[in-house]
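Novice: If you scroll down you'll find the structure; I have some questions about it.
The values are calculated or read from the model by the stated rules, or taken from the named source; none is laboratory data. Bear in mind that the values here come from a model prediction, so they are computed numbers and not experimental data. Every residue, glycine among them, receives a Cβ derived from its backbone with ideal geometry; neighbour counts consider all protein chains shown. Each accessible area value is taken on the protein alone, full model and side chains, heavy atoms only, with ligands, DNA and RNA left out. Shrake-Rupley method; radii C 1.70, N 1.55, O 1.52, S 1.80 Å.
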Amino acid sequence: MSKPLVFALHDSLMLLAPPGWTKVELSVARTPQGLKVTELKTEGTGGKEPKAPPQLHVDHREEAQRLSEALTDLSSELAGRWVPGRVAIERPAPGFADWKLLRDDGSVAWFTRLESAELKTLLITDELFDALTGTERAFHELQGQLQQRLGKVTGFAFDPAHGMLRVDRPGGPLELKAQLVGSYLPDVFTWMWSWSDEHAQAPSTDRVRRVCQPELQPDGLAAFWRPHFHCDEGFAWALAGHVAVSIGARGLFRAQPAQAEGALFFALLELPRGAAVQ
């Protein structure tokens, strides 16, 4: 059985369950379209209220559908060893997570453990939640100020050799220092960090790279050091917002290239001068 499938299951679970969970039980039903998660019950640590998760802009219904689809694939790989009904996931101690597919009588039909080294390389982790929560408020405030000062933008151009972004506005163009954070490609549901491009130029990506630390690969922060991965655009925006705060930027600018489906995210290193012309 392919471990990457369990990794995908765990990432989806982390997005759906409240932070700090120690046990999750899923109820699963068969449908003509495949398996469907019908209920998710969680237990936290003692009697404490779970921490509020950061705003990740993820549609929970769509994420539940992805979880259901991954369970359908897992059930197919097990070739009849499990009759879908219940799944239990436990984190009895820091450092590992146990996945159990249960029979109707509560006995275990299939079991696998995600070890500490594996959990630390997953996309959605407690460490990621802590990092995003730590910068979320600052980014929200910075972004509000930037949008007010930037106003309506009708076009843009970027000089990666010098890290300069030109934005076209009704009151005239502006040139601002900026870092290219990354690009989102909706047709393949993929976020790509700017520094991962083999043609990336240091003046426009070096600060982003220092925050993401692809050479060091910090535990639990793979969302920053993986060159690219599948995700919602809103999730990519949350990551880019954290990076913007970390490099001392004044907010993010989402740019839509002409005749292209994707979007570019820029971290602006300075605010536009004067009031915006709408």
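Novice: Select from D159, D232, D104 the residue whose mean-square fluctuation is largest in a Gaussian network model of the chain (Cα-Cα springs shorter than 10 Å).
Specialist: For the chain, modelled as a Gaussian network with Cα springs under 10 Å, the answer is D104.
Novice: Using only the alpha-carbon atoms, how far is helix 202-212 inclined from the longest principal axis of the chain? Give it as 0 to 90 degrees, nearest 10.
Specialist: Between helix and principal axis, roughly 30 degrees.
Novice: With the cut-off at 22 Å, report for the chain the share of all Cα pairs above it, as a whole percent.
Specialist: Values: 23633 of 38503 pairs.
The calculated P(r) of the chain puts 61 percent of pairs beyond 22 Å.
Novice: Compute the length gained on full extension between Q259 and A161: take 0.36 nm times their separation in residues and subtract their Cα-Cα distance, giving the result in nm to one decimal.
Specialist: Details: separation 98, 0.36 × 98 = 35.28 nm, distance 2.33 nm.
Stretched fully, the Q259-A161 segment lengthens by 32.9 nm.
Novice: Let me test this: with uniform point scatterers at the alpha carbons of the stretch 164-278, what is the Debye-based log₁₀ I(q)/I(0) at q = 0.14, 0.19, 0.20 1/Å?
Specialist: -0.58, -1.01, -1.11
Novice: Among L264, L216, L74, which one moves the most in a GNM of the chain with springs linking Cα atoms closer than 10 Å?
Specialist: L216
Novice: Relative contact order for the stretch 207-278 using alpha-carbon pairs under 8 Å, separation at least 6, rounded to a whole percent? Spell out each step's value before the answer.
Specialist: On the way: 65 pairs, mean separation 15.8, N = 72.
Over the stretch 207-278, the number comes to 22 percent.
Novice: A further question follows. Given 0.36 nm per residue, what is the gain on full extension from V83 to L5 after removing their alpha carbon distance, in nm? Mind showing how you got there, number by number?
Specialist: On the way: separation 78, 0.36 × 78 = 28.08 nm, distance 1.84 nm.
In short, 26.2 nm is gained.
Novice: Simple spin-label model, 7 Å along Cα-to-Cβ: A138 to R273 in nm?
Specialist: So the label points at A138 and R273 sit 2.6 nm apart.
Novice: Net charge within 10 Å of K36 by Cβ-Cβ distance, Lys/Arg positive one each and Asp/Glu negative one each, not counting K36 itself?
Specialist: Working: positive: R30; negative: E69.
Here the charged neighbours net out to 0.
Novice: Residues of the stretch 222-245 with backbone nitrogen within less than 18 Å of a virtual label 7 Å along the Cα-to-Cβ line of E62, please, listed as ranges.
Specialist: 229-241, by backbone N distance to the label point.
Novice: If the stretch 210-278 were replaced by its equivalent ellipsoid, with semi-axes equal to the square roots of 5 times the Cα gyration tensor eigenvalues, what would those be, largest first, whole Å? Walk me through the intermediate numbers first.
Specialist: Working: eigenvalues 128, 60, 17 Å².
In descending order the semi-axes read 25, 17, 9 Å.
Novice: Here's something else I'd like to know. Show the residues, 5+ positions off or on another chain, whose built amide H is closer than 5 Å to the amide H of G182.
Specialist: HN-HN under 5 Å from G182: S194, F265.
Novice: Further question: Mind jotting down the three principal axis lengths of the stretch 1-70 based on Cα atoms? Whole angstrom, largest first.
Specialist: Sorted largest first, the three principal extents are 39, 24, 23 Å.
Novice: Each label point is 7 Å from the Cα along the Cα-to-Cβ direction; what then is the distance between the points at E198 and F96, in nm?
Specialist: 4.1 nm
Novice: Then there is this: As a test of reading the structure, rank R210, R254 by solvent-accessible area (1.4 Å probe, protein chains only), most first.
Specialist: Details: R210 155, R254 100 Å².
Result, largest first: R210, R254.
Novice: Percent of accessible area on the chain owned by carbon and sulfur, 1.4 Å probe? Walk me through the numbers before you get to the answer.
Specialist: On the way: 7170 of 14170 Å².
Result for the chain: 51 percent of the exposed heavy-atom area is carbon or sulfur.
Novice: Output the relative contact order of the stretch 85-151, whole-number percent, from Cα pairs under 8 angstrom with separation of 6+ residues. Numbers along the way, then the final one.
Specialist: Details: 57 pairs, mean separation 13.0, N = 67.
Relative contact order comes out at 19 percent.
Novice: Next question, about the same structure. Using only Cα atoms and rounding to the nearest 10 degrees, what angle (0 to 90) does helix 233-246 make with the longest principal axis of the chain?
Specialist: Once rounded, one gets 60 degrees.
Novice: Still on this structure: Using helices alone, what [θ] at 222 nm do you get for the chain, with -39,500 (n - 2.57) per DSSP H run of 4 or more residues, divided over all residues and rounded to the nearest 500?
Specialist: Working: 7 runs with 91 residues, N = 278.
My calculation for the chain gives -10500 deg cm²/dmol from helical runs alone.
Novice: Something else: Quick one: helix 126-150 against the long Cα principal axis of the chain, what's the angle to the nearest 10°, folded into 0 to 90?
Specialist: 30 degrees
Novice: If I take every Cα pair under 8 Å that is 6 or more residues apart in the stretch 138-218, average their sequence separation and divide by the length, what percent do I get for the relative contact order? Could you put the intermediate results ahead of the total?
Specialist: Values: 93 pairs, mean separation 16.9, N = 81.
Value for the stretch 138-218: 21 percent.
Novice: How big, on average over all directions, is the shadow cast by the Cα convex hull of the stretch 129-214, in nm²?
Specialist: Numbers: hull surface 28.9 nm².
Seen from a random direction, the Cα hull of the stretch 129-214 projects 7.2 nm² on average.
Novice: Give the Kirkwood hydrodynamic radius (Å, one decimal) of the stretch 1-142, defined as one over the mean of 1/r across all pairs of different Cα atoms.
Specialist: On the way: mean 1/r = 0.0624 Å⁻¹.
Result for the stretch 1-142, one decimal place: 16.0 Å.
Novice: What residue among F265, F139, F156 shows peak mean-square fluctuation when the chain is described by a Gaussian network model with Cα springs under 10 Å?
Specialist: Among F265, F139, F156, the largest mean-square fluctuation in the Gaussian network model of the chain belongs to F156.
Novice: In nanometres, what is the gap between the two model label sites at T31 and E175, each 7 Å from Cα along Cα-to-Cβ?
Specialist: About 5.5 nm, to one decimal.
Novice: Explain nothing, just compute: Karplus ³J(HN,Hα) = 6.51 cos²θ - 1.76 cosθ + 1.60, θ = phi - 60°, for every residue of the stretch 111-119 in order, whole Hz, x for Gly and Pro.
Specialist: 9, 8, 10, 8, 7, 4, 4, 6, 4
Novice: Just subtract the alpha-carbon distance of K23 and T154 from 0.36 nm times their residue separation and send over the number in nm, one decimal. Before the final figure, lay out each step's value.
Specialist: Details: separation 131, 0.36 × 131 = 47.16 nm, distance 4.97 nm.
Here the segment from K23 to T154 would lengthen by 42.2 nm.
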